[in-house]
Ligand code: HEM
């Protein structure tokens, strides 16, 4: 290419950039929150990149279990999962965040991810967390929160001014962390509540759709550690604790659905249903075996919550479909890097 042509191309490129900046009014166009690669890149930039591990919920363990649905559940949904026969479930318990060495003895997130393997090749997949709400209402808000918390290359920590500006403008994003701070350190993966946080619709034989939000509640009750007990337990006790409790037959959860009423907000994962909504027991999940090591059937699953059986439907919560593609991107990256979880 002649020099004069090169200059012309360079000037044209610059002019189109200038014109884009003029149109958006910002020097750096916002990173798209709908681009799953950009979202996973931002997780890595803000929370760290740990090759081979899930970009969220990195430290985890596989287990298996079975689920039996109740007659009340059959009244709400035709889904085969509720028929009353035991359904096999692939389970993954994990500690929140991208760090595979995240300590077990802090007031942070625990996760319960499930894949129900149903008759006729159907599946139901979900990833539940130990808080009644999530920390973002929309993918845009999640992306902006991650950008605000990205460590400054010079100081290696987030700029408190940017973080404050973000949280002042988005106060609901603090509710999830406040929940963890208000609770004791969970004594076990088997002794804490796990919420679905999104609303889902349950469709029965007459075609009626009931929206609700679910909670997995430990049959043996909640059990937390005092600060001294947590310190004494150290940073790695959850996996051995789980193996022991499951050997003793002590890990089971009631799958309870809180029923939404007309006017309740059901499209926002930062807003729980109002207190006192009717709760229906939909079934019992029993954990029957835990992996002895870091392997197991959960390792290569990305728990995409958009996989539902006939009789269960997504709500209009924008965070729900937005999870599917980033989970697939994260899976692709960690498989290429050599999948690990401990
Ligand atoms: C657009 C919103 C979200 C994005 C981009 C996102 C991103 C991710 C990514 C990349 C993973 C790792 C996937 C893998 O490698 O298999 C993950 C795992 C997980 N996420 Fe999210 N997440 C979002 C929303 C949520 C919400 C609302 C919840 C609340 C229930 C949630 C709960 C979980 C859980 C429990 C896991 C771990 C599942 C497992 O054991 O593999 N996420 N998330």
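The values are calculated or read from the model by the stated rules, or taken from the named source; none is laboratory data. Just so it is clear, the model here is predicted, and its values are computed rather than measured. When we count neighbours, we look across all protein chains shown, and the Cβ atoms used for this are built from the backbone with ideal geometry, even at glycine.
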Name the residues in segment 90-107 that are under 19 Å from residue 251 (Cβ atoms) and more than 13 Å from the ligand (Cβ to nearest atom), would you?
-> 104
Just a yes or no: is a residue in segment 282-296 under 24 Å from residue 204 (Cα atoms), within 16 Å of the ligand (Cβ to nearest atom), in a loop (DSSP other than H, G, I, E, B) and in contact (Cβ under 8 Å) with a residue 40 or more places away in the chain?
-> no
Among (1) modelled with pLDDT of 50 or more; (2) outside any loop (DSSP other than H, G, I, E, B); (3) over 18 Å from the mean Cα position of the chain (by Cα), where does residue 52 come up short?
-> (2)
Can you name every residue in segment 304-327 that is under 22 Å from residue 118 (Cα atoms), near the ligand (Cβ under 9 Å from one of its atoms) and in contact with a helix residue (DSSP H, G or I) (Cβ under 7 Å, 6 or more places away or on another chain)?
-> 304, 305
Of the residues that make up segment 62-76, is at least one within 30 Å of residue 227 (Cα to Cα), touching a residue at least 40 places away in the same chain (Cβ under 8 Å) and more than 13 Å from the chain's Cα centre (by Cα)?
-> yes
Please specify each residue of segment 148-171 satisfying the condition of being surrounded by fewer than 16 Cβ atoms within 10 Å (Cβ to Cβ) and assigned to a helix (DSSP H, G or I).
-> 160, 161, 162, 163, 164, 165, 168, 169, 171
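Being buried (at least 20 other Cβ atoms within 10 Å of the Cβ) and either farther than 24 Å from residue 212 by Cβ or modelled with pLDDT of 95 or more (or both) is true for just one of 176, 183. Which residue is that?
Of 176, 183, the one residue that is buried (at least 20 other Cβ atoms within 10 Å of the Cβ) and either farther than 24 Å from residue 212 by Cβ or modelled with pLDDT of 95 or more (or both) is 176.
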In segment 200-211, anything in contact with a helix residue (DSSP H, G or I) (Cβ under 6 Å, 6 or more places away or on another chain) and without any contact (Cβ under 8 Å) to a residue 12 or more places away in the chain is listed as none
Go through the residues of segment 86-94 one by one and say whether even a single one is surrounded by 12 or more Cβ atoms within 10 Å (Cβ to Cβ), closer than 19 Å to residue 333 by Cβ and modelled with pLDDT of 95 or more.
-> yes
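For (1) part of a strand (DSSP E or B); (2) modelled with pLDDT under 95; (3) touching a helix residue (DSSP H, G or I) at 6+ places or on another chain (Cβ under 9 Å); (4) surrounded by 15 or more Cβ atoms within 10 Å (Cβ to Cβ), each residue gets a yes or a no:
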| position | (1), (2), (3), (4) |
| --- | --- |
| 213 | yes, no, no, yes |
| 222 | no, no, yes, no |
| 228 | no, no, no, no |
| 232 | no, no, no, no |
| 242 | no, no, yes, yes |
| 246 | no, no, yes, yes |
| 253 | yes, no, yes, yes |
With the condition kept exactly as written, say whether any residue in segment 324-339 is in contact with a strand residue (DSSP E or B) (Cβ under 8 Å, 6 or more places away or on another chain) and under 26 Å from residue 190 (Cβ atoms).
-> no
Specify which of the listed residues (190, 196) is modelled with pLDDT of 95 or more, surrounded by 20 or more Cβ atoms within 10 Å (Cβ to Cβ) and within 22 Å of residue 76 (Cα to Cα).
-> 196
Pull up segment 127-139, narrow it to residues that are near the ligand (Cβ under 8 Å from one of its atoms) and out of contact with any helix residue (DSSP H, G or I) (no Cβ under 7 Å at 6 or more places or on another chain), then point me to the one that is farthest from residue 175 (Cα to Cα).
-> 127
When restricted to 146, 114, 118, 142, the only residue closer than 20 Å to residue 286 by Cα and within 10 Å of the ligand (Cβ to nearest atom) is 114
Any chance segment 55-73 includes a residue that's surrounded by fewer than 18 Cβ atoms within 10 Å (Cβ to Cβ), touching a helix residue (DSSP H, G or I) at 6+ places or on another chain (Cβ under 6 Å) and not in a loop (DSSP other than H, G, I, E, B)?
-> no
